[in-house]
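Presented below is the structure to which this report refers.
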Amino acid sequence: MFEQVEEYPVDPIMIGADYFAADPRKDKLNLTVGIYQDEHGQTPVLKAVKLAEQRLVDTQTSKSYLALTGDAEYCRVLGHEIMDHAYDDGWVSAQTSGGAVALRVMADLLAQMPKPPTVWLQTPTYGNYIPILTAAGARYAQVPYYDRFQAQITFDQMLAGLSAAKVGDVFLMQGVCHNPTGADMTAEQFDALLDLLEARGIVPWIDLAYLGFAQSWDADCAMARKIAARFPECIVCITLSKSFGIYRDRAGALFVKTRASDRDRMHRAVSAIVRSGASHAPDHGPSVVRTILQDETLKTLWLGELDQMRARVSEVRQQIADTERAELGTDQLAYFAKQTGMFSLLPLTEAQETALTRDHGIHVVKGGRVNVARLGEKDIKTLIRAIWEVTSTT
């Protein structure tokens, strides 16, 4: 029977990890997987997380199931943190196993509607969007977002592409620290985008994965708050893996703002989709998050640790630009210092990417994505020299 199984497309990040593992060189450099690392190459457990976990060990009295949509208190606390005063009883919420499950639940819901809308995507964008939408059977289309050789957002082209969207379609965008480009819209561009979405009756769907890694936790929530305050219908997906450093504990959430008359039906629909898939979300990570957010001492400690992670990423970005200028007298990578978050795209052709790995042992995601948080001080000079060599010789 299983001889009938066809080849499935594999996530290029996972392919990159496999290639790196198979590379026998000692001095190889892995810039593929999207996790934060400190200056020692470690992904530490935050002190605030450790303290919250110990409190849970001491006080938790049951490991019984929660509701299908998870812990209502977790959703309430997180909803107010993200959307501030725009979060009220008009929202349907669900605790999810990270952001990917939140995305999949919403994709399933849209695909199952009698008249399924088209989900419009930025290109390039997060590599798992299309597999999630495809697996759900959801319709999607794409608009240009970024030119990696010019290292700039193609904003006017994105707006022009959305002219083909219909009333009731959905625009899936990322918040701060755009993955994979590192290039975020300015406040003025974002406002212009919302004007267009509102005028054309397009429902905004924002995916927030790196809150606190651009400016600050509070400032990075601004995009979601603008959407939540302005639109009668919108979708917000959250993952907290990076912000709390709890990658394996899978804390996320789905928030859907609806009209009052639709809320109960939407809640039942989300519950049914969760039941047919994940069934129940794991609760350890979300309980840690809830514990931290509800305790001012733990929250202050966590925000300080988040600030340190953001500062390190920002420092690495600046070092890339400064080191290139000092070593080569060029500014090919100067845009790194202007971008935010862990990811950016190298301005390399496919042949140059291949040469970067083959000749220098530097592994990147296909399309040129690199995780700057995985760079140590010595690695930066190695990367810059290698980029100069492959662009000079290919």
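The values are calculated or read from the model by the stated rules, or taken from the named source; none is laboratory data. None of these values were measured; they are calculated from a predicted model. Neighbour counts are summed over all protein chains in view; Cβ atoms, including those assigned to glycine, are modelled from backbone coordinates with ideal geometry.
Close Cβ contacts (under 7 Å, 6 or more residues apart or on different chains) running from residues in the range 145-161 that are more than 24 Å from Thr349 (Cβ to Cβ) and assigned by TED's automatic domain parsing to the domain that holds Leu194 to residues that are of a type in the set (A, V, I, L, M) and assigned to a strand (DSSP E or B) comprise Gly161/Val143. A Cβ distance below 7 Å, combined with a sequence gap of six or more or placement on separate chains, defines the contacts here; from the range 359-382, residues that are touching a residue at least 40 places away in the same chain (Cβ under 8 Å) and under 18 Å from Thr393 (Cα atoms) reach residues that are acidic (Asp, Glu) and not in a strand (DSSP E or B) in the pairs Gly361/Asp23; Gly361/Asp27; Gly368/Glu353.
Residues to consider are Leu254, Leu301; find the one that is surrounded by 16 or more Cβ atoms within 10 Å (Cβ to Cβ), out of contact with any Ser or Thr (no Cβ under 9 Å at 6 or more places or on another chain), outside the structural domain of Tyr36 (by TED's automatic domain parsing) and aliphatic (A, V, I, L, M). Within the list Leu254, Leu301, the selection yields Leu301.
Give the range 235-245 a look and list any residue that's of a type outside the set (Val, Ile, Thr) and part of a strand (DSSP E or B), or say none.
Cys237
What tally of residues in the range 57-101 results from selecting those that are assigned to a helix (DSSP H, G or I), farther than 15 Å from Asp283 by Cβ and among the aliphatic types (A, V, I, L, M)? Count: 4.
Collect the residues in the range 55-90 that are of a type in the set (Val, Ile, Thr) and surrounded by 11 or more Cβ atoms within 10 Å (Cβ to Cβ), keeping them in residue-number order. Within the range 55-90, Thr69, Val77, Ile82 meet the criteria. Taking (1) assigned to a helix (DSSP H, G or I); (2) under 18 Å from the mean Cα position of the chain (by Cα) in turn, Ala228 satisfies each apart from (2).
Results for (1) among the β-branched types (Val, Ile, Thr); (2) over 30 Å from Val57 (Cβ atoms); (3) under 21 Å from the mean Cα position of the chain (by Cα); (4) outside any loop (DSSP other than H, G, I, E, B), shown as yes or no for each residue.
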{"residue": "Ala281", "(1), (2), (3), (4)": "no, no, yes, no"}
{"residue": "Leu301", "(1), (2), (3), (4)": "no, no, no, yes"}
{"residue": "Tyr335", "(1), (2), (3), (4)": "no, yes, yes, yes"}
{"residue": "Thr340", "(1), (2), (3), (4)": "yes, yes, yes, no"}
{"residue": "Ala386", "(1), (2), (3), (4)": "no, yes, no, yes"}
{"residue": "Glu389", "(1), (2), (3), (4)": "no, yes, no, yes"}
{"residue": "Ser392", "(1), (2), (3), (4)": "no, yes, no, yes"}
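Counting only strands (runs of 3 or more DSSP E) that fall entirely inside the range 118-184 and contain at least 2 residues that are modelled with pLDDT of 95 or more, hydrophobic (A, V, I, L, M, F, W, C) and within 19 Å of Ala224 (Cβ to Cβ), the qualifying elements are 118-123, 170-174. Among the residues of the range 246-275, the ones that are more than 20 Å from the chain's Cα centre (by Cα) and in a helix (DSSP H, G or I) come to 16 in all.
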